[in-house]
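Let me begin by presenting the structure, written as structure tokens, before commenting on it.
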Amino acid sequence: PALNRLLNLQDVEDVARKVLPYKAMAYYSSASDDEISHNQNIIAFSRLFFHPRVLRPVSVCNASTTLLSTPTSIPIFISPAALARLGHPLGEANLTRGAYRTNIIQIVSSNASLSYEAIADARPDPNQVLWFQLYKNKDIMKAEARVKEVVKLGYKAICLTVDAIVPGNREKDIRAPWVLDNMENLGGAKWGDVVRQPGDAEVEEKEINIMGTAGALISNDDRDMTWSETILWLRSITKLPIVIKGIQCVADAVLAAESGVDGIIISNHGGRQLEYSLPSIEVLYRLQKERPDVFDQLEVYMDGGVRRGTDVLKAICLGAKAVGLGRPFLYAQSAYGEAGVVRLVRILEREIISGMQMLGAQSLKDLVPEMVERVDWYSA
Ligand code: FNR
């Protein structure tokens, strides 16, 4: 269908299901075990209802904000996701150009299928801000080299992912045969090194199938990271802002604030890691109720299951500075390239602005925790 026939994010996903290569859809859509956490990421939003305010002027309404001082047109960002070229030959570059045209921030995955340099070069303007998601290699020299490389390339923040110590059990992905040729066509530099371990092609293929794609991609990562050492290490090698991605409970959000990092992304990796980790919006809700002081100490973001403008607004009411989307951006760029990314942001923008107006909010600061109530009489 033509882009302007797509009214919401589900429409985009429906197209992706029809047109994507089998392996791409299996890898993108998969989640751990029985996909409960992934489904609940989405469903948990439906337990939150609004207390809208009326008779407040909203003809002028603006959803812009800043994320660690970088302006963004609406409070969303592109969550880091591996292997965008599985779905479209231009892959991550589609996201970069779409982010530029809509003035939002892209977080580039450590396991991107284009080199970090090629993605930086895809920016129409060198001032466009990209953040970098770090999977820390267990070889400290390699880890340091990766950080230094992206600092040099001009990436503006480091998001350390901490919830993917071992790969989640994503059976859709494991079942879908990995075509080695296909992978080589991707030509991605960094993740290719990980996948192409010594050994003949047959052994490689077998092991990848057992581990799933994620297992192959993160097999050399550090499984012994700690609050005391890892954050200090990162701080010692870069002055860039540090964001911890993969906070899944209130206690760790508090530790993150104490550790002095600049931000956290409350996330269960789109339900792709620990099955039965709480839905991200639920963790955000609890953090706001139990430890509202944390929001003054660092910027709090969340991702997982965001599919509507109202989802974004609920998170903002509960204190998030912005929310990320993973799969929807992969689907959009796979099905429609850069134009799909732009369309996706425009859909969300329209939903966010009209939602704010009906809530009686002129700007994001008018969205406050009192506007959201969690009900127990509804479960989708
Ligand atoms: C991811 N995610 C992810 N996270 C990360 O820190 N590094 C990565 O390389 C990846 N790769 C990745 C691949 C794919 C295909 C998906 C779907 C997800 C997790 C991602 O950043 C984000 O947390 C979730 O995608 C958010 O959930 P939704 O928006 O997909 O529901």
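Selection over segment 278-324 of residues that are out of contact with any strand residue (DSSP E or B) (no Cβ under 7 Å at 6 or more places or on another chain) and hydroxyl-bearing (Ser, Thr, Tyr) gives a count of 1.
From the list Gly192, Gly188, Gly199, Gly215, the one residue that fits, being within 15 Å of the ligand (Cβ to nearest atom), in a loop (DSSP other than H, G, I, E, B) and modelled with pLDDT under 80, is Gly188.
Across segment 82-103, the number of residues qualifying as in a loop (DSSP other than H, G, I, E, B), under 16 Å from the mean Cα position of the chain (by Cα) and under 13 Å from Arg123 (Cβ atoms) comes to 0. Of the set (1) more than 14 Å from Val341 (Cα to Cα); (2) under 16 Å from the mean Cα position of the chain (by Cα), all apply to Ala122 but (2).
Scan segment 83-99 for residues that are crowded, with 24+ Cβ neighbours inside 10 Å, among the hydrophobic types (A, V, I, L, M, F, W, C) and more than 15 Å from Ala16 (Cβ to Cβ) and the total you get is 1. For Asp376, the conditions (1) surrounded by 18 or more Cβ atoms within 10 Å (Cβ to Cβ); (2) among the acidic types (Asp, Glu); (3) away from the ligand (no atom under 16 Å from the Cβ) all hold with the exception of (1). Could you check segment 114-131 and list, in sequence order, the residues that are within 16 Å of the ligand (Cβ to nearest atom), under 30 Å from Cys249 (Cα atoms) and in contact (Cβ under 8 Å) with a residue 40 or more places away in the chain? Of everything in segment 114-131, just one residue is within 16 Å of the ligand (Cβ to nearest atom), under 30 Å from Cys249 (Cα atoms) and in contact (Cβ under 8 Å) with a residue 40 or more places away in the chain, namely Trp131. Being among the aromatic types (Phe, Trp, Tyr), under 24 Å from Lys172 (Cβ atoms) and at pLDDT below 95: is that true of Tyr22 here? When the stated conditions are applied, Tyr22 passes them.
Taking segment 23-67 as the range and being within 16 Å of the ligand (Cβ to nearest atom) and of a type in the set (A, V, I, L, M, F, W, C) as the test, the residues that pass are Ala24, Met25, Ala26, Ala31, Ile36, Ile42, Ile43, Ala44, Phe45, Leu67. If the condition is being in contact with a Lys or Arg (Cβ under 7 Å, 6 or more places away or on another chain), β-branched (Val, Ile, Thr) and closer than 21 Å to Tyr155 by Cβ, then segment 243-278 contributes only Ile265. Considering only residues that are away from the ligand (no atom under 15 Å from the Cβ) and part of a loop (DSSP other than H, G, I, E, B), look in segment 133-166 and name the one that is surrounded by the most Cβ atoms within 10 Å (Cβ to Cβ). For segment 133-166, the residue satisfying everything is Lys156.
The values are calculated or read from the model by the stated rules, or taken from the named source; none is laboratory data. Quantities reported herein were computed from a predicted structural model and do not represent experimental measurements. Here the Cβ is made from the backbone with ideal geometry for all residues, glycine too, and neighbour counts use every protein chain on show.
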